[in-house]
Amino acid sequence: MKKTTLWLAMVGALGLAGCGGGGGDSGGGGTTPPEPQPRALPEAGVYLPVLMDAQGQLINRPVNDSYRAVGFVYPASTEGTGWAMNIAEKRSATVSTYTFPQGFSSLNKGEGYPLTLSLLVNKSQPSDFDSATQKSNTNVDGLVKVASVPGAAGSSQSLWVLDYRSVKAKIDSALTIQNWGGQVALQPMVTAPINADSWYNLGESALFQDFKTERSNNGSGVKLTIQFIEGCTVSGETEANIPGLNKLTLTGWTECSFNTLTGPADIKDGKIYEGLWEKRMRDFADRNASVTAYLTMKPGNSNGQKDTLMLGIPEISIVTPFVVEVQPL
C-alpha cells in the first residue's frame, strides 16, 4: 500500500489503512482454554522509546538535532489503554525518516481483551509512506512484556518492551530507522513543570505556526494556544503544572478550515503525516469537538539541548498518532 504521488488517493483511503493480519489461537486437545484476563501494561506517563536491534540489544542513540524520540502511554479509559510514539531520524541534509509506533489494549472481555499494534513509516525524500496493523486476541503473546534488557558492559535492566516485528510497515524493503530490529524498550523520561514560552516546530511544518504556553486563568495550570499556518488557533488549559502528563481539553476547532494540505506540493519536509493529522482536525471542526490532549516538558541539559514541549492527542490515532515536539527559538 505504498503511496508516493497519489496523495489524494492516500488521504481518501484512511479507512483502509489496516494492512496487517493476525488472530488468536482457540486452543486444542479438548482442553478448556483459560479465562482471558486484562493485559499487564506500562504505567501512564512519558517515555523515551529506545529501539532494539535484531539481537535484542538496546540501540542507545543520543537525542539531538539528528535523532529524536518520545512516547506517551495514556491514562486508561473505559475502553482500554493506548500509547503512541514519534521517532525521527535525520539521515542527511535532505532525507529524514519519521516512524510512529502506536498501540491499543482493549478492555473488551468478549473479544478476549484484544491488542492492536500499528506502525506508520514516512520517508521525506523521495516522499513515501507505508502503514500496517497487527491485531492479537490473546494476552500471552509476548507482544507487550517486561523483559531484562542487555545494557552496556554486561549489565541489564528491566524495561517494558513492545514488539512490532510482526507489523510489516516498511520502506525500501526495510524498517525506516537504521539497524532497528522491530522491538522498542520504554525508558521513563525525566520531565519538569512547563515553562511559559513560545515554541516552534522542529524543522519545517505546513500545519503549525507556533505553540504558546502561559499561566492559566486559574493560576495553577498552563494555557496552551496552538497557532496554525492558516491563521486560526485552538487552546486549552491544564488544571495543574506538574512533571509527567498534564491533561487539557482543546477547543476552538471551528475557527479553522483544516483544508490546506490537499496535495503533495502543500507538504513540507516530506511530512505526509501532517496531512493525515489535518484531516482528523477537520473532523474536530465539523463537530465542534472538545478534544482531550496531554502536555509535558522535557528540560534542557548542559549538552546544549533546549527545553522541549511535547503534546499528544489520543483521539488522533487513525494511521498516524499525534505526538509532536516543539522547542523555543
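The values are calculated or read from the model by the stated rules, or taken from the named source; none is laboratory data. The structure presented is a predicted model; accordingly, all values stated were derived computationally and were not measured. Glycine gets a Cβ as well: all are built from the backbone with ideal geometry, and neighbour counts include every protein chain shown. The area values use the complete protein model at the heavy-atom level, side chains included, leaving out ligands, DNA and RNA. Shrake-Rupley method; radii C 1.70, N 1.55, O 1.52, S 1.80 Å.
Please determine whether any residue of segment 66-89 is modelled with pLDDT of 90 or more, among the hydroxyl-bearing types (Ser, Thr, Tyr), closer than 20 Å to ASN201 by Cα and surrounded by 18 or more Cβ atoms within 10 Å (Cβ to Cβ).
Within segment 66-89, the subset modelled with pLDDT of 90 or more is 66-89.
From what is left, the residues that are among the hydroxyl-bearing types (Ser, Thr, Tyr) are 66-67, 74, 77-78, 81.
Then drop every residue that is not closer than 20 Å to ASN201 by Cα, which leaves 66-67.
From what is left, the residues that are surrounded by 18 or more Cβ atoms within 10 Å (Cβ to Cβ) are none.
No, segment 66-89 contains no residue that is modelled with pLDDT of 90 or more, among the hydroxyl-bearing types (Ser, Thr, Tyr), closer than 20 Å to ASN201 by Cα and surrounded by 18 or more Cβ atoms within 10 Å (Cβ to Cβ).
Criterion first (on the phi < 0 side of the Ramachandran plot, surrounded by 20 or more Cβ atoms within 10 Å (Cβ to Cβ), touching a helix residue (DSSP H, G or I) at 6+ places or on another chain (Cβ under 9 Å) and among the polar types (S, T, N, Q)) does ASN137 satisfy it?
no
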(request) Hey, could you check segment 273-329 for residues that are over 25 Å from ASP130 (Cβ atoms) and of a type in the set (Gly, Ala, Ser) and say which is nearest to the chain's Cα centre (by Cα)? (result) ALA293
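Only one of these is at pLDDT 85 or above and either touching a Phe, Trp or Tyr at 6+ places or on another chain (Cβ under 9 Å) or open to solvent by 50 Å² or more (accessible area, probe 1.4 Å) (or both): GLY103, GLY112, GLY154, GLY142. Name it. Working first, answer last.
Numbers: GLY112 fails: either touching a Phe, Trp or Tyr at 6+ places or on another chain (Cβ under 9 Å) or open to solvent by 50 Å² or more (accessible area, probe 1.4 Å) (or both); GLY154 fails: at pLDDT 85 or above; GLY142 fails: either touching a Phe, Trp or Tyr at 6+ places or on another chain (Cβ under 9 Å) or open to solvent by 50 Å² or more (accessible area, probe 1.4 Å) (or both).
Within the list GLY103, GLY112, GLY154, GLY142, the selection yields GLY103.
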(message) Could you tell me how many of the residues in segment 153-191 are touching a residue at least 24 places away in the same chain (Cβ under 8 Å), part of a strand (DSSP E or B) and over 20 Å from the mean Cα position of the chain (by Cα)?
(response) 0
(request) Six or more apart or on different chains, Cβ under 6 Å: which pairs go from a residue in segment 78-105 that's farther than 17 Å from TYR294 by Cβ and charged (D, E, K, R) to one that's assigned to a strand (DSSP E or B) and modelled with pLDDT under 95? Could you list them? (result) GLU89/TYR67; GLU89/THR97; LYS90/SER96
(request) Name, by its number, the condition in (1) open to solvent by 40 Å² or more (accessible area, probe 1.4 Å); (2) modelled with pLDDT under 90 that does not hold for MET10. (result) (1)
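Determine which member of the set THR249, THR254 is more than 23 Å from LEU329 (Cβ to Cβ), not in a strand (DSSP E or B) and not acidic (Asp, Glu). Walk me through it before giving the result.
On the way: THR249 fails: not in a strand (DSSP E or B).
Of the residues listed, the single one that is more than 23 Å from LEU329 (Cβ to Cβ), not in a strand (DSSP E or B) and not acidic (Asp, Glu) is THR254.
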